[in-house]
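Step one of this worksheet: look at the structure below.
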Amino acid sequence: MAASGREPDDSRSVSGGTIPGSGGVPAFTLSRSDASPIPVLIAVPHAGRHYPQALVDRMRSPRLSAMKLEDRYADKLAEAVVRETDAALLIAHAPRAMIDLNRAVEDMDWDMVRNGTPSGFPRMRIGRRARSGLGLVPRRLPEIGEVWNARMEPEDVEARIDSVYQPYHDALAETLRDLRERWGAALLIDLHSMPPLGRRGTGDPVPDFVIGDRFGASCAGSLCAAAFDHIAWSGRAVSHNRPYAGGHVLERHAAPSKGLHAIQLEVCRGAYLDERLDEPGAGFDGIVDVIGGLVRRLAEEVATLGRGAGLALAAE
């Protein structure tokens, strides 16, 4: 299995979707090798930093809201890991403030849209995440309050779904299918960052990582066990499913019985950013090393699962 850290000769990057109001800036970039050296895709949905001026003008506290919503420089972590592992990489450039790629379309607070639910969208009870203010389009944030200074227009929501949300999820699904076709199984690592967590109990260390597998529903148990083993071996504290078990991305794309596995990996911002949690800090390279080793370990596990699936099919 190739994991040399060098750029494969057949590597390529393609851009997709469009950020509304940006003058044509792509919504995401997908980097992968046609040879697919390992059966792993790293996706980063919440690190987008391209804010069209029209979006900024509608925000009450643009800088504070962005800092609260962004998985600050998680894309830089992923890029460094991919240079070491040759995993496929999907990075969203559209900011989470515009649309949250880890939410279902139905999880939208239509009260923040002029005239309510547009035609063509299901009229559903507002979901738990939307009620909390963090639905498909974030509405409220702790310590900040309302994100926007006016209601949205219905066509704004539709444009964001059509130009950002749907193309991103289409690219993610297609890449996972391609990896499964080559390897017999595929793994999505949905990479996020989190604010520093409080201690879980007396003497318990503050976790640097949280592994979410939707309480066993999104990946084989052997993958989760391998992830915990590697992080523990690296000397880092890790939590399981609490407080982050995985969101819509895992719910939508994971299908372990079909060889499509997924975990949500949360990384503490204090572990790789500076004291202000603003720029990459002294811990950045160490976190890259841990995640890089994790990707290589899980790639071996997924390849084994894929070979087992192939043998089972051959025996039928």
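This table checks each residue for (1) of a type in the set (Phe, Trp, Tyr); (2) within 25 Å of Glu266 (Cα to Cα).
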position	(1), (2)
Arg151	no, no
Pro154	no, no
Val164	no, yes
Tyr168	yes, yes
Thr175	no, yes
Leu191	no, yes
Pro196	no, yes
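Looking at Met67, Met98 in this structure, which one is in contact (Cβ under 8 Å) with a residue 24 or more places away in the chain and buried (at least 19 other Cβ atoms within 10 Å of the Cβ)? Walk me through how you get there before you give the answer.
On the way: Met67 fails: buried (at least 19 other Cβ atoms within 10 Å of the Cβ).
None of the others qualify; the one that does is Met98.
Condition check ((1) crowded, with 20+ Cβ neighbours inside 10 Å; (2) more than 15 Å from Met59 (Cβ to Cβ); (3) touching a Lys or Arg at 6+ places or on another chain (Cβ under 6 Å)) across all residues:
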{"position": "Gly133", "(1), (2), (3)": "no, no, yes"}
{"position": "Leu136", "(1), (2), (3)": "yes, yes, yes"}
{"position": "Arg139", "(1), (2), (3)": "yes, no, no"}
{"position": "Pro142", "(1), (2), (3)": "no, yes, no"}
{"position": "Gly145", "(1), (2), (3)": "no, no, no"}
{"position": "Asn149", "(1), (2), (3)": "no, no, yes"}
{"position": "Met152", "(1), (2), (3)": "no, no, no"}
{"position": "Ala159", "(1), (2), (3)": "no, yes, no"}
{"position": "Ser163", "(1), (2), (3)": "yes, yes, no"}
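Looking at (1) among the aliphatic types (A, V, I, L, M); (2) over 30 Å from Leu89 (Cα atoms); (3) at pLDDT 95 or above, find the lone condition where Met112 falls short.
That leaves (3) as the condition not met.
Being in contact with a Ser or Thr (Cβ under 9 Å, 6 or more places away or on another chain), acidic (Asp, Glu) and in a helix (DSSP H, G or I), is that true of even one residue in segment 142-157?
Within segment 142-157 (the criterion being in contact with a Ser or Thr (Cβ under 9 Å, 6 or more places away or on another chain), acidic (Asp, Glu) and in a helix (DSSP H, G or I)), the answer is no, since none of the residues qualifies.
Cβ contacts < 9 Å: first residue of a type in the set (D, E, K, R), restricted to segment 27-47; second residue part of a strand (DSSP E or B) and crowded, with 20+ Cβ neighbours inside 10 Å, any location; separation 6+ or different chain. Result?
That search, which allows pairs on different chains as well, returns Arg32/Leu41; Arg32/Ala88; Arg32/Leu89; Arg32/Leu90.
Identify the single condition in (1) out of contact with any helix residue (DSSP H, G or I) (no Cβ under 7 Å at 6 or more places or on another chain); (2) within 16 Å of Glu106 (Cα to Cα); (3) at pLDDT 95 or above that Pro138 does not satisfy, given that it satisfies every other one.
(1)
The values are calculated or read from the model by the stated rules, or taken from the named source; none is laboratory data. All values reported here derive from a predicted model rather than from experimental measurement. Ideal geometry is used to build each Cβ from the backbone, glycine not excepted, and the neighbour counts take in all protein chains shown.
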